[in-house]
1. Among all the lysines, which ones have a C-alpha under 17 Å from Lys168's C-alpha, if same-chain residues fewer than 8 places away are not counted?
2. Give, in nm to one decimal, the length gained when the segment between Thr26 and Ser5 is fully stretched (0.36 nm per residue of separation minus the Cα-Cα distance).
3. Quick one: check the C-alpha center-to-center distance for the stretch 172-193 versus the stretch 86-129, whole angstrom.
4. What net charge do the residues around Ser51 carry, taking every other residue with its C-beta under 10 Å from that of Ser51, with Lys and Arg at +1 and Asp and Glu at -1?
5. Sort 75-85, 116-126, 134-144 by the packing proxy (mean of other Cβ within 10 Å over each peptide's residues), most packed first.
6. May I ask you to give the solvent-accessible area per residue for the chain, in square angstrom, as obtained with a 1.4 angstrom probe?
7. Give me the lysines in straight-line cross-link reach of Lys128: C-alpha distance below 28 Å, same-chain residues under 8 apart excluded.
8. Whenever you get a sec, compute what percent of the accessible area on the chain sits on carbon and sulfur atoms (1.4 Å probe).
Amino acid sequence: MFALSEREMVLEKLNCDVKAVQKLDTYVSLLNEWQQKMNLVSNSTLPVVWSRHIWDSAQLSSCLTKADKTVLDLGSGAGFPALVLACLHADKTFVLMESDTKKCTFLHAVIDANGLDNVEIINDRIEKTQRFQTDIITARALASLDKLLAYALPFISGGTRCVFMKGKKAPEELADARKKFFFDVEQKVSVTSDEGRILILSRVRKK
């Protein structure tokens, strides 16, 4: 009996439909192609792209509810986690905010290749973007928690939740952020790293 490949193991966990699988395959193919001409992710993660980037991003699906309609992703980079989530959740709108024009060109290539009509790209700095309402705000490997909350604050309204992916320094970052902000927090252990944490923050307001 043959062992499952990394891709097959991740897709088995995701249990998504054929269309979503096709979108993710296209995404990974384009990532490998574009990585040869620009630095989108660490080269060392390419051999394990399905677990390190796809599965790591997809785990945030458990944080989304049926009522959530709009997701704002800060500092999207190569599209993780939001573009993966967009491939899996056609019923939600994803706004990806990225200041690097070259990375935005890559994001548009993935969107066009997959016909993702539920994704919008904002090629600008976060602090220069006009405010709008969103249900969820995500970020992965962008900045410390206190800085993330400062970026997110203009887009936070009554029921907005922030879902941030953090590493082993999560407790320190939470302590630092509490010096500047009030918030409720729920923590989940990452499915891809025992040290990783998913921080779900609600009722965020400045002190």
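1. Lys188
2. On the way: separation 21, 0.36 × 21 = 7.56 nm, distance 1.73 nm.
Taking Thr26 through Ser5 to full extension adds about 5.8 nm, to one decimal.
3. 26
4. Details: positive: Arg7, Lys13, Arg52; negative: Glu6, Asp56.
Summing Lys/Arg as +1 and Asp/Glu as -1 gives +1.
5. Values: 75-85: 24.8, 116-126: 16.7, 134-144: 20.6.
With the highest mean Cβ count within 10 Å placed first, the list reads 75-85, 134-144, 116-126.
6. Values: 10710 Å² over 207 residues.
In whole numbers, the chain has 52 Å² accessible per residue.
7. Partners within reach: Lys69, Lys92, Lys102, Lys103, Lys147, Lys166, Lys179, Lys180, Lys206, Lys207.
8. Details: 5250 of 10710 Å².
Solvent-exposed carbon and sulfur of the chain make up 49 percent of the total.
The values are calculated or read from the model by the stated rules, or taken from the named source; none is laboratory data. These numbers were taken from a predicted model, which means no experiment stands behind them. Methodologically, a virtual Cβ is constructed for each residue, glycine included, from the backbone with ideal geometry; neighbour enumeration extends over all protein chains shown. SASA here: full protein model, heavy atoms, side chains in, ligands and nucleic acids out. Shrake-Rupley method; radii C 1.70, N 1.55, O 1.52, S 1.80 Å.
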